[in-house]
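Please read the structure below before turning to the comments.
The values are calculated or read from the model by the stated rules, or taken from the named source; none is laboratory data. Treat the numbers as computed from the prediction; the structure is a model and nothing was measured. Here Cβ is always computed from backbone atoms with ideal geometry, including for glycine, and neighbour counts include all displayed protein chains. Accessible surface is based on the protein model in full, side chains and every heavy atom, while ligands, DNA and RNA are left aside. Shrake-Rupley method; radii C 1.70, N 1.55, O 1.52, S 1.80 Å.
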Amino acid sequence: MKVLGISGSLRQGSHNTALLRAAQRLAPEGFELELYDELELIPPYNEDRDGHSAPAAATRLRELVAGADAVLFATPEYNSSIPGQLKNAVDWASRPPLGSPLAGKPVALLGASSGRGGTALAQQQLREALEFPRAVVLDEPQVLVPEAYLHFDERGELADEGIRAELAELIDTLVHVAGGVTLAA
Ligand code: FNR
């Protein structure tokens with residue numbers, strides 16, 4: 001099973017990207033988690049530039065989403081919302097409306113923030129943005145990492161057994177759901 005991991009953070013020491021790296025290490029046999037690293041290359045969505053002449057980075061994102069059995073998003077929370085660069089990527093992947101690679105795609109969400117909410121607000125908004133193009137977003141288990149700076153070691157890697165267990169449960173559920181879902185063409 002191929003899963004595409006998309007972190008909404010562009011910074012080098014991102015806790016959200018570190019969560020995806022931790023998920024990579026927990027991956028069961030036969031589960032491959034590829035980390036998407038081209039978020040910064042995607043230009044702002046412009047309907048005039050979409051269609052046959054869509055920017056290469058947007059076309060590549062669509063291809064990666066289409067080729068994955070499932071997508072795992074790790075989102076920071078910026079001002080009680082999703083980072084703009086992540087919403088922009090979802091907007092590109094949501095088109096064309098009748099052929100979006102997100103339609104029918106199993107998706108799981110997680111997130112780390114420095115505040116106490118642990119990205120609850122951002123995850124809710126990301127869920128809504130993904131459900132409009134008919135992605136199949138898991139309801140449970142929720143993985144919310146509040147006060148993220150407490151849960152990572154000096155190398156920036158996840159250092160919390162409880163969160164690792166939650167992550168493993170999320171991956172198990174995603175594998176189960178993706179295995180049982182007929183993906184839209
Ligand atoms: C933040 N941060 C933040 N945290 C939070 O809990 N609620 C919030 O609304 C915000 N708002 C916010 C806005 C902006 C512009 C920035 C840059 C940051 C802090 C944020 O959670 C923290 O920087 C995370 O560590 C970002 O995730 P990465 O980059 O570590 O993955």
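Worth pointing out:
- Among the numbered conditions (1) outside any loop (DSSP other than H, G, I, E, B); (2) touching a residue at least 40 places away in the same chain (Cβ under 8 Å); (3) more than 13 Å from the ligand (Cβ to nearest atom), the only one that L121 does not meet is (3).
- A159 of a type in the set (G, A, S), within 16 Å of the ligand (Cβ to nearest atom), buried (at least 19 other Cβ atoms within 10 Å of the Cβ) and more than 24 Å from E32 (Cβ to Cβ): no
- Q142 meets each of the listed conditions (1) in contact with a Leu (Cβ under 9 Å, 6 or more places away or on another chain); (2) open to solvent by less than 20 Å² (accessible area, probe 1.4 Å); (3) without any contact (Cβ under 8 Å) to a residue 60 or more places away in the chain apart from (2).
- Restricting attention to the stretch 133-148 and to residues that are more than 24 Å from A68 (Cα to Cα) and touching a strand residue (DSSP E or B) at 6+ places or on another chain (Cβ under 6 Å), the residue that is nearest to the ligand (Cβ to nearest atom) turns out to be A148.
- Scanning the stretch 51-64 for any residue that is in contact (Cβ under 8 Å) with a residue 12 or more places away in the chain, under 26 Å from D172 (Cα atoms) and touching a Leu at 6+ places or on another chain (Cβ under 6 Å) turns up at least one such residue.
- Single unsatisfied condition, P43 versus (1) without any contact (Cβ under 8 Å) to a residue 60 or more places away in the chain; (2) open to solvent by 20 Å² or more (accessible area, probe 1.4 Å); (3) within 13 Å of the ligand (Cβ to nearest atom): (3)
- Residue ID - nearest to the ligand (Cβ to nearest atom), chosen from residues in the stretch 1-32 that are closer than 19 Å to Q142 by Cα and in contact with a Gly (Cβ under 7 Å, 6 or more places away or on another chain): N16
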